[in-house]
Amino acid sequence: MSHQAATSEPIHNNADQTFTKEHSSRYENPSLRLMLKANCNAILSYASPNQPPETIGALVGDYTKPEFGLTEENFLLKPNDPEVSPIFKSKKPIKMLDFACGTGLLDYYLASYLPENSEIVGVDISKNQLDIFEKRLDKIQNKNPTLKIKLAEFDILNEEFNKKKSLSSPKDLQENTFDLIICSISFL
Ligand SMILES: C[S@@+](CC[C@H](N)C(=O)[O-])C[C@H]1O[C@@H](n2cnc3c(N)ncnc32)[C@H](O)[C@@H]1O
């Protein structure tokens, strides 16, 4: 009987091929927006003593309406709600890493909760996803004019991929000093 030896090959990641221009342009649909609003609430209430028991479970809107009629105004937590974590209520700027940031829709939802002069570093393997994020920068900045945003194309798992595409590790990742690291619906 022969046994195949286990290998330690890096996990093959083809997200750069999955997110074609076409796929990226269709990425944001009503269910995704709903899911990201729920994720936004989950992040805002992270480490808060008043964390709501469930976030996704709050989907009790009107099923006949897109996104169940749950809008930013009636669904997202308000900045001073007791469930919002103290990190978002302090005046201290936050440096936040968004691993596999995609099109930046979650960062758009989160922007107005980040203290003045905060910083977002968005890293993603897919140029097409990042292109959509780039186009959204003005809208994000409108919500929080002092927010700094840096985007980088980079594979956070597979060094070979980076070498092949000559992608160098963003300086912020090397410094590794973040107050908050988020990663949403990324099957890495
Ligand atoms: C389902 S999308 C989620 C995007 C965003 N976080 C959101 O919540 O909308 C998954 C993202 O992960 C990115 N991704 C997958 N593997 C990655 C890796 N190894 N390094 C960086 N980004 C990766 C993809 O390019 C894609 O933009």
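The values are calculated or read from the model by the stated rules, or taken from the named source; none is laboratory data. This one's a predicted model, so the numbers in the text were calculated from it and none came from an experiment. Don't worry about glycine lacking a Cβ; one is built from the backbone with ideal geometry, like all the others, and counts go over all protein chains shown.
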Discussion item. Looking only at region 134-161, how many residues end up being within 16 Å of the ligand (Cβ to nearest atom) and free of Cβ contacts under 8 Å to residues at least 40 places away in the same chain?
Written reply: 10
Discussion item. Can you list residue pairs whose Cβ atoms sit under 8 Å apart, with the first residue in region 63-82 being more than 16 Å from residue 29 (Cβ to Cβ) and part of a loop (DSSP other than H, G, I, E, B) and the second being of a type in the set (Val, Ile, Thr) and at pLDDT 90 or above? Count only pairs 6 or more apart in sequence or on different chains.
Written reply: 77/84; 78/84
Discussion item. Residue 164 - would you say it is more than 10 Å from the ligand (Cβ to nearest atom) and within 15 Å of the chain's Cα centre (by Cα)?
Written reply: no
Response to the item:
Of the residues in region 67-82, those that are surrounded by 14 or more Cβ atoms within 10 Å (Cβ to Cβ) and over 21 Å from the mean Cα position of the chain (by Cα) come to 68, 81
Item to complete: Filter region 24-43 down to residues that are touching a Leu at 6+ places or on another chain (Cβ under 8 Å), under 12 Å from residue 103 (Cβ atoms) and part of a helix (DSSP H, G or I), then give me how many there are.
Response: 3
